Every structure is written in C-alpha cells, then in structure tokens.
Amino acid sequence: MDLRAIILSSFLLFSTVQGLMFELQPNGRKCLREEVQKDVLVTGEYEVSEVPGQRTDVKVTDIKGHTLVSHEDKSKGKFAFTTDDYEVYEICFVSKVPPNLRGQKHEVEVTIKMGLEAKNYETLGEAARLKPLEVELKRLEDLSEAIVQDFAYMRQREEEMRDTNESTNSRVLYFSVFSMLCLVALATWQVLYLRRFFKAKKLIE
C-alpha cells in the first residue's frame with residue numbers, strides 16, 4: 001500500500017488536469033495562461049454554448065506570439081500540442097457578434113490536461129497490442145522519466161539562481177567599493193578646498 005501511495009502521489013505531482021467553466025461576454029475575450037516546461041504534451045477539450053448569429057474562436061499561442069492552435073467558429077472541439085520550450089502558453093476564447101445583433105454571453109467549459117495525464121495509455125496499449133501489465137509498466141516508465149526530468153529542471157533552476165545571487169553579490173561589492181572611493185575622494189577634495197580657502201582668508205598659515 002505504501003508503494004502504491006507513493007506512486008499515486010508522484011503521478012499526481014507530475015501530471016496536471018484543469019477543468020474550468022466560465023462566462024464569455026459578447027465581443028469579449030478571455031484567456032487562460034499556464035507556465036509549462038519543455039517537451040510536455042498538452043491536450044484540451046472545450047465546449048461553448050451556442051448562440052444564434054454569434055461565433056466563437058479559439059486560439060492557442062506562446063509568449064512569442066506563435067500560433068499553435070486556431071479554431072474558428074466552433075462550439076466544441078479538441079486540441080493538442082507539445083511544448084517546444086519552457087514558457088507561458090495562452091489559450092484564448094473570443095466572442096464575435098455582428099453589429100446588427102444584440103449579443104448574449106456564452107458559457108464555456110474547458111478541460112486541459114498536461115504531462116502524463118494527457119497521454120491515453122489505453123489507446124496506446126491497443127495500438128501496440130500491449131497487455132494491461134505492460135501498459136502499466138509503460139505508465140510507470142513515463143512517470144519515472146518525468147520525475148528525472150523535473151529534478152533536472154529544478155537543479156538547473158537552482159544553478160541559475162545561485163549564479164544570479166553570486167553575480168548580484170559581486171555587483172553589490174563593486175558598488176560598495178566604488179562608493180567608498182568616491183566618499184574618500186570627496187572628503188579629500190573638501191579638506192584641500194577648505195585649506196586653500198582658509199589660506200586665502202589668511203586664517204591659517
């Protein structure tokens with residue numbers, strides 16, 4: 001039981017499922033943003049309530065503006081893509097109403113799956129003619145690979161943060177030394193200036 005609990009916890013940790021329901025105003029735009037790692041499978045399924053005369057477009061883009069998915073005038077559908085890099089991805093629903101119609105709001109229901117949860121192991125097993133035990137082993141193999149990749153990513157992030165901290169500390173040190181030299185130079189200039197001033201006024205010899 002303990003081993004199965006650990007496996008289940010790890011599976012939940014390295015797979016993500018998001019089910020959302022929201023309202024989309026007439027001629028409105030609503031976007032969902034998610035930060036996803038590199039080489040992660042993302043699948044989605046959506047359904048939009050139909051309103052006569054209105055249309056709804058669905059578009060998936062990355063932070064650079066590249067279009068990954070584009071569905072025009074569809075009330076329901078599915079999409080899937082694999083991330084090319086670690087960045088923020090955006091799923092947008094856009095309502096379009098003709099000028100001669102009074103718009104009504106849409107109800108949108110969307111389910112997004114990422115990582116292991118996005119893979120259909122039953123279909124994979126049927127296609128490859130795998131036994132149930134082999135399908136489960138394939139699932140565990142993918143899980144272990146995801147864990148290794150995630151730890152490697154966390155280690156990389158840790159190294160980047162450490163390099164950033166070291167760089168910041170070096171810059172702070174250099175700035176402190178520069179500030180101290182400026183203060184010493186200013187103090188020396190003030191002493192020399194006052195000395196010349198007092199000599200000019202014959203207050204000191």
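The values are calculated or read from the model by the stated rules, or taken from the named source; none is laboratory data. Keep in mind that this is a model prediction, so the values were computed, not measured. Because the Cβ atoms are built from the backbone with ideal geometry, glycine has one as well, and the counts that use them run over all protein chains shown. Note: areas computed on protein heavy atoms with side chains; ligands, DNA, RNA excluded. Shrake-Rupley method; radii C 1.70, N 1.55, O 1.52, S 1.80 Å.
Of the whole protein surface, Thr61 contributes about 20 Å² of accessible area at a 1.4 Å probe radius.
Neighbours of Glu109 by Cβ distance under 10 Å: Lys/Arg scored +1, Asp/Glu scored -1, total -2. Computed with a 1.4 Å probe over protein heavy atoms only, the accessible area of Lys74 comes to about 80 Å².
Amide H contacts of Val97: Asn27, each under 5 Å away and 5 or more positions distant or on a separate chain (H built 1.01 Å from N in the peptide plane; Pro and chain starts excluded). Net charge around Asn27, counting only other residues with Cβ within less than 14 Å of its Cβ (Lys, Arg = +1; Asp, Glu = -1)? My count for the surroundings of Asn27 gives +4.
Close Lys pairs in the range 34-106, defined as Cα atoms under 28 Å apart and 8 or more places apart or on different chains, number 20.
Computed from the C-beta positions of Arg29 and Lys199 and an R0 of 45 Å, the FRET efficiency is 0.05 to the nearest 0.05. Model label points for Ala185 and Glu160, set 7 angstrom from Cα along the Cα-to-Cβ axis, are 3.7 nm apart.
Accessible area per residue was computed with a 1.4 Å probe on protein heavy atoms; Asp39 scores about 100 Å². The residue among Thr111, Leu24, Leu101 whose Cα reaches farthest toward the positive pole of the charge dipole of the range 20-119, with charges on the beta-carbon of Lys, Arg, Asp and Glu, is Leu101.
Suppose the chain between Gln104 and Ser176 were pulled fully straight at 0.36 nm per residue; how much longer would it get relative to their current alpha carbon spacing? Could the numbers behind the result be given before it?
Numbers: separation 72, 0.36 × 72 = 25.92 nm, distance 6.17 nm.
Taking 0.36 nm per residue and subtracting the Cα distance, the gain is 19.8 nm.
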